[in-house]
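Would you mind keeping the following structure in view while I ask a few things?
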Amino acid sequence: MDLPALRVRLAELHDAHGIADVHIGSWRETYPGVIPDTFMDDDALIARRRMWESILGLDPLPGAIAVAERGNQVVGFAFAGPADHPDAIKGFAPARSLHLYSIYLLAQEHEMGIGSALLDAVVEDRPAQLWVLSGNDRARAFYERHGFRADGVEFVDPALAGIVEVRMVR
């Protein structure tokens, strides 16, 4: 069976629910038993839909936001912007001025080059930083293939039951 064509493009306001669905859906696929269920339940999905509506409704946008869509369905997204937000800093001085806040794909879309296309759409080849869960070996390997390296800074996230996040930079 042939898959519908994939397209990576800049996000628009009407993509908010699709982005939220991927955001929560990819967490459900990747992090069961790792992060608290309250971050992935139906209330969390409603909150993410509101959050993405709010972000995509800003003019100007707070950074670059891209979606990958197959047919008319969002199957992945990425968001990068200035590293001056608390989610980028986490109590540490930024290592780079650009921060990759999010890059998520549905599991069925892995290993197709979509993550690389999304990363290129929002970061290009610029120096950047990001946070990744220390035990997420798949994501860490992806970032390393794109030139990111752990810089030794770690954050123990009290909102995620003490999970350790590692900062990576390039």
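The values are calculated or read from the model by the stated rules, or taken from the named source; none is laboratory data. Bear in mind the structure is a predicted one, so any value in this text is a computation, not a measurement. Heads up, the Cβs are rebuilt from the backbone with ideal geometry, glycines too, and the neighbour counts pull from every protein chain shown. Each accessible area value is taken on the protein alone, full model and side chains, heavy atoms only, with ligands, DNA and RNA left out. Shrake-Rupley method; radii C 1.70, N 1.55, O 1.52, S 1.80 Å.
From the list ASP120, ASP125, ASP151, ASP87, exactly one residue is closer than 22 Å to LEU10 by Cβ, outside any helix (DSSP H, G or I), open to solvent by 40 Å² or more (accessible area, probe 1.4 Å) and not aliphatic (A, V, I, L, M). Which is it?
Step by step, each of ASP120, ASP125, ASP151, ASP87 is checked, and only ASP125 is closer than 22 Å to LEU10 by Cβ, outside any helix (DSSP H, G or I), open to solvent by 40 Å² or more (accessible area, probe 1.4 Å) and not aliphatic (A, V, I, L, M).
Kindly establish whether ALA95 is assigned to a loop (DSSP other than H, G, I, E, B), within 22 Å of PHE142 (Cβ to Cβ) and open to solvent by less than 80 Å² (accessible area, probe 1.4 Å).
When the stated conditions are applied, ALA95 passes them.
How many residues, within the stretch 128-143, are surrounded by 13 or more Cβ atoms within 10 Å (Cβ to Cβ) and without any contact (Cβ under 8 Å) to a residue 24 or more places away in the chain?
1
May I pose another question? Filter the stretch 32-54 for residues that are touching a helix residue (DSSP H, G or I) at 6+ places or on another chain (Cβ under 8 Å) and either assigned to a helix (DSSP H, G or I) or within 24 Å of LEU118 (Cα to Cα) (or both) and give the result. Walk me through it before giving the result.
Initial filter on the stretch 32-54 (touching a helix residue (DSSP H, G or I) at 6+ places or on another chain (Cβ under 8 Å)): 35-36, 38-40, 44-45, 48-49, 51-53.
Correct list: THR38, PHE39, MET40, ALA44, LEU45, ARG48, ARG49, MET51, TRP52, GLU53.
Of everything in the stretch 99-117 that's among the hydrophobic types (A, V, I, L, M, F, W, C) and modelled with pLDDT under 95, which residue is surrounded by the most Cβ atoms within 10 Å (Cβ to Cβ)?
Among those that are among the hydrophobic types (A, V, I, L, M, F, W, C) and modelled with pLDDT under 95, it is MET112.
For HIS99, which of the numbered conditions (1) closer than 18 Å to ILE24 by Cα; (2) within 15 Å of the chain's Cα centre (by Cα) fails to hold?
Only one criterion is unmet by HIS99, namely (1).
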